[in-house]
Amino acid sequence: MKYKVLSPKDPSNDRFVLSKGHAAPILYGVWVELGMYTKLDITNLRKLYSDLEGHPTPRLPFIDIATGSLGQGLSAAAGMAYVGKYIDKAAYRVYCVIGDGECAEGSIWEALHFSSYYNLDNLCVVFDINRLGQSQPTSLQHDMETYKKRVSAFGINAIVVDGHSITELVKALHDAAITKEKPTAVLAKTLKGKCFPGIEDQENWHGKPLGDMALPAINILQDLIKDLKITNKEIPEPYTFVQNIDKENITLSSSPNYSLNEMVATREVYGNALVKLTTNNKRVIALDGDTKNSTFSNKLRELFPDNFIECFIAEQNLVEVAIGAACRDRTVPFVSTFAAFLTRSFDQIRMGAISQTNVNFCGSHCGISIGEDGPSQMGLEDIAMFRTIPGATIFYPSDAVSCERAVELAANTKGICYIRTSRPNIPVIYKNNERFEIGRAKIIERSNNDEVLVIAAGITFKEAMKARKELIENGINIRLLDPFTIKPIDKITILKNAEACKFKILTVEDHYSEGGLGEAVLSVVACDSRITVKKLAVEQLPRSGAPDELLDMF
């Protein structure tokens, strides 16, 4: 690796991802050798106030992504390599060490397919094939020929080596560096506890300290060491310079331009906003999972093909590639697919939060209002899912104007952002110059004698506006609140307007009852015993039908 040791996050550096995160202690040991930590520091491994945690996190300056939930590191490494080759167009390389146990994860093979398809010859994957999993041997154990056939079948340059031979490893890494148009996988046959009597290649040693057997093992290791004088100067520095990126004030190239009451689907507006952002900042990229003609991310692809990454129907890889692409602030990624399909990659999203990522997600086709495609395509759990993510921001725009501004705000907001868009056309309710802020709700319709505060968003806000007109004809006034963001939710505005509406709140959402808008509202009014909240939500398993029929039934 070429690496500025005193500046681990330098964008010119080669990247290293330890996908098998449980091997963190040996990675920390490298940084003790290089002088970043002392031997005393490493004795605080896994203790409360030590950043040398049980698995690596970006609390450490030399870690780009958190690992430890197995099967994910390779996709992130592929995202870094894609950015290096096609966006930065830089010389840095990406190295990733994965364990043989995690090769049972489908996401590993999604990542290998992606890396081969895009000819990521700047990516080198090292498989540590030590035969043993956590509780028993792996399925292939040391069947190196099968490993080679499988990896080669994915279009990867596969090299089998003795993982304990420095000579074979160095040669393989050199071959990887000069191989063009395809990634390289170094398939290293290793033995867990190599050279340790009573431990080598034995089961039941995963993640365990050696106890009384430690001292003999240390003596064996010291006898094997040829040179103790490793210094920073022996790590070659990058020979090319990669510039830091200015990502401040990413703005729409033009203001929203819609007419009041114009009928527009927010999923289409999402595509419009991506184009406007990318016009102003070429570091904005979009990633999709073969739904771009439904999420409308294809609008960006048509105008800025170099800023679009097609990840095909492999949502776990889609999400983790975006997390890799966001590392070191090289890009501003927007991931889009149906809201329902993001649930498949919840673990990747969860790990993204631990990685302190700044990836933006757009889930389209939310709720039963998508209609005839049926429940397998309906995103009804997505708000609940993203509400659990630490530091996440959830936008639920109720018209075209607010949707464009949600995309703009997401691009400039730290942490994970989620934008929920709908399939049906809904009316434009805001003027084009309306200002929006995260955590600030809007009161759209009101009177001086409102009976109930109705809180709705997206398609249900359209329904709430229709309901208000009918109720007024019957002498009943209600007040309409558009939350704009579900997390954070505007507690002050909700409490103030609930008091003005006789302490009665009705929430209406195209989402399952559990974890959605209604429960977000309940969480902020629980402190006021005067307030009564009723929820209208999807309470049972839906079915196919026309959107209006489904809204009526469920």
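The values are calculated or read from the model by the stated rules, or taken from the named source; none is laboratory data. Note that this is a predicted model, so its numbers are computed, not measured. FYI the Cβ positions are ideal-geometry reconstructions off the backbone, even for glycines, and counts take in every protein chain you see. These accessible areas exclude ligands, DNA and RNA; they are computed on the full protein's heavy atoms, side chains included. Shrake-Rupley method; radii C 1.70, N 1.55, O 1.52, S 1.80 Å.
Brief remarks follow.
- Summed over all non-identical Cα pairs, the Kirkwood treatment of segment 58-189 gives a radius of 15.0 Å.
- The chain - Debye-derived log10 I(q)/I(0), Cα point model, q = 0.05, 0.11, 0.12 Å⁻¹: -0.25, -0.98, -1.11
- Computing FRET efficiency as 1/(1 + (r/R0)^6) for Asn280 and Arg440, where r is the C-beta to C-beta distance and R0 is 25 Å, gives about 0.55.
- Between Asp175 and Glu514, the contour length at 0.36 nm per residue exceeds the Cα-Cα span by 116.7 nm.
- Under the criterion of Cα pairs below 8 Å and six or more residues apart, the relative contact order for the chain equals 12 percent.
- Segment 493-552: relative contact order as a whole-number percent, Cα under 8 Å and 6+ apart: 36 percent
- Simple label model, 7 Å out from Cα along Cβ direction - Arg59 to His206, nm: 2.5 nm
- Span per principal axis, largest first, for the Cα atoms of segment 281-397 (Å): 39, 34, 26
- Volume per residue that the Cα convex hull of segment 489-552 spans, once the total is divided by residue count, Å³: 94 Å³
- Note on exposure: His164, His174 ranked by accessible area (1.4 Å probe, complete protein assembly) read His174, His164, with the most exposed listed first.
- Only Cα sites of segment 412-484 enter the Debye sum here, all with the same form factor; the resulting log10 I(q)/I(0) across q = 0.11, 0.13, 0.20 1/Å is -0.34, -0.46, -0.96, listed in q order.
- Summary of the geometry: segment 503-554 and segment 85-137, compared by the centres of their Cα atoms, lie 43 Å apart.
- Put the Cα centre of segment 150-186 next to the Cα centre of segment 350-384 and the gap is 38 Å.
- Descending principal axes extents, segment 403-554, alpha-carbon based, whole Å: 43, 39, 31
- Computed [θ] at 222 nm, helices only, for the chain once each DSSP H run of length n ≥ 4 contributes -39500 (n - 2.57): -9500 deg cm²/dmol
- Gained length - Asp373 relative to Leu260, 0.36 nm times residue gap less alpha-carbon distance: 37.7 nm
- Note on Gln134 and Asn432: the model spin-label points, each 7 Å out from Cα along the C-beta direction, lie 5.6 nm apart.
- Among the GluC sites (Glu not before Pro) in segment 173-237, those located in a DSSP loop and surrounded by at most 13 other Cβ atoms within 10 Å of their own Cβ are Glu181, Glu200, Glu203.
- In this label model, Ile26 and Tyr86 are separated by 3.3 nm, measuring between points 7 Å along each Cα→Cβ vector.
- Gain on full stretching of the segment that runs from Leu48 to Leu522 - 0.36 nm per residue minus C-alpha separation: 167.3 nm
- Of the trypsin sites (Lys or Arg not before Pro) in segment 148-227, those whose Cβ has at most 16 other Cβ within 10 Å and which sit in DSSP loop: Lys180, Lys192, Lys194, Lys226
- Most to least accessible of Thr146, Thr240 (protein chains only, probe 1.4 Å): Thr240, Thr146
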